[in-house]
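I have a structure I would like to understand better, so I am pasting it below and will then ask my questions one at a time.
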Amino acid sequence: MNPNEKNYLMKFYNALYDNLERDNKLKEKSVLISFLKTNKTPRYKVLTKSAIPSSKIPKQIINFLLSEKLIASTNEIESYAITAKGVWTIENEKGRLDEDSFISYINKEYFTIEKQKKVNDNEKVVLFSMIAARTFSDKSPLYLKTGSSSVDKWKEILDLSCDKLISLKVIPKTANNKLYSKAGNEHVVSNLIRHNIYLSPKIKGIYHSMGNQKYYLDIYDDLQISNDKLSYLFWKIFNGNLNNESIEEIAKFCNKLSDDMSIYVFDLDVHIFSTPKYDIIVKDCLKDSIISKTKWENWG
């Protein structure tokens, strides 16, 4: 491209750049990045507004820029606008954008998985309650059937779990006062769980709502428990801040709660998790939540 051809390509570029800036749509001083962040209709409008009529450009220049696909005709007769290739040519030469910086931007905006947010105090209580009771599959859900005595039992499970987390200094002493909000005619447990809508994305979608007031942790595949998932859930609650004494205490609490409460909150014909086999798995996963702390920190 000779200096004259480059000069006219720059006119096309500057017209688009200036209009984006005028419309407050210029991002990171780059036309290409601005277009990626702009919807189709506004893009079309600013591109059309930035077109240059052929009467203002020598014919041989137009022919060259068209042949190199640096400009293209618009919907108006004898009117031309810069193309993505034309923008790239200018921005690359001016140092506004090169291959590395452009790929880096695309990776940051479109290929980066957002880190998981922290589980709050109420969510820790709900999650710990569901682990302790062992709602490990859709056949063993937390079921808040209206009018059922099991709802009161779930409140007992939640209260016990909250007290245990407080005693372990995982959540503050004031957490039990903030666990339930005013629910009107609705049971406080139903109100708590129904508004627990942000937990699932914080724990990789392991928490599931089945509808009809049924909720479970998806860590059993009809053959075995996923130790990785259970270990990860313990890490989300305790952040790996456990020692041998606290592991023993938590394991005993979970086993006792499961033994005491399963008959009240599950259908024992299909609930399979209240056996010594799962007592061992719970304790092993508590230990692994410390061993695998670095892995879970990277996992999010």
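The values are calculated or read from the model by the stated rules, or taken from the named source; none is laboratory data. Model, not experiment: these values are computed from the prediction. Here the Cβ is made from the backbone with ideal geometry for all residues, glycine too, and neighbour counts use every protein chain on show.
Could you pull out the residue among Lys204, Lys252 that is charged (D, E, K, R), outside any helix (DSSP H, G or I) and surrounded by fewer than 17 Cβ atoms within 10 Å (Cβ to Cβ)? Break it down stepwise before answering.
Working: Lys252 fails: outside any helix (DSSP H, G or I).
Residue meeting the stated conditions: Lys204.
Could I ask something else about it? Among what's in segment 162-191 and is in contact with a helix residue (DSSP H, G or I) (Cβ under 6 Å, 6 or more places away or on another chain) and basic (Lys, Arg), pick the residue that is modelled with the highest pLDDT.
If we take residues in segment 162-191 being in contact with a helix residue (DSSP H, G or I) (Cβ under 6 Å, 6 or more places away or on another chain) and basic (Lys, Arg), then Lys164 is modelled with the highest pLDDT.
Surrounded by 15 or more Cβ atoms within 10 Å (Cβ to Cβ), touching a helix residue (DSSP H, G or I) at 6+ places or on another chain (Cβ under 9 Å) and closer than 17 Å to Val265 by Cβ: is that true of Leu199 in this structure?
no
Separate question: Can you name every residue in segment 115-139 that is closer than 12 Å to Lys236 by Cα and among the basic types (Lys, Arg)?
Selection gives Lys117, Lys118, Lys124.
Now a separate question. Looking only at segment 16-55, which residues are in contact with a strand residue (DSSP E or B) (Cβ under 9 Å, 6 or more places away or on another chain) and either among the polar types (S, T, N, Q) or touching a residue at least 60 places away in the same chain (Cβ under 8 Å) (or both)?
Correct list: Leu16, Val31, Ile33, Ser34, Leu36, Thr38, Thr48, Ser50, Ser54.
Something else about it: Select, from Glu91, Glu109, Glu99, Glu76, the only residue that is farther than 30 Å from Asp284 by Cβ, in contact with a strand residue (DSSP E or B) (Cβ under 7 Å, 6 or more places away or on another chain) and of a type in the set (Asp, Glu).
Glu91
Kindly provide the set of residues from segment 56-114 that are under 30 Å from Trp299 (Cα atoms) and surrounded by 11 or more Cβ atoms within 10 Å (Cβ to Cβ), ordered by number. Break it down into steps so the answer makes sense when it comes.
Here is the first cut: in segment 56-114, the ones under 30 Å from Trp299 (Cα atoms) are 99-114.
Answer for segment 56-114, where residues must be under 30 Å from Trp299 (Cα atoms) and surrounded by 11 or more Cβ atoms within 10 Å (Cβ to Cβ): Ser101, Phe102, Ile103, Ser104, Tyr105, Ile106, Glu109.
Anything in segment 207-230 that is surrounded by 12 or more Cβ atoms within 10 Å (Cβ to Cβ), polar (S, T, N, Q) and not in a strand (DSSP E or B)? List them, or say none.
Matches in segment 207-230: Gln213, Ser226, Asn227.
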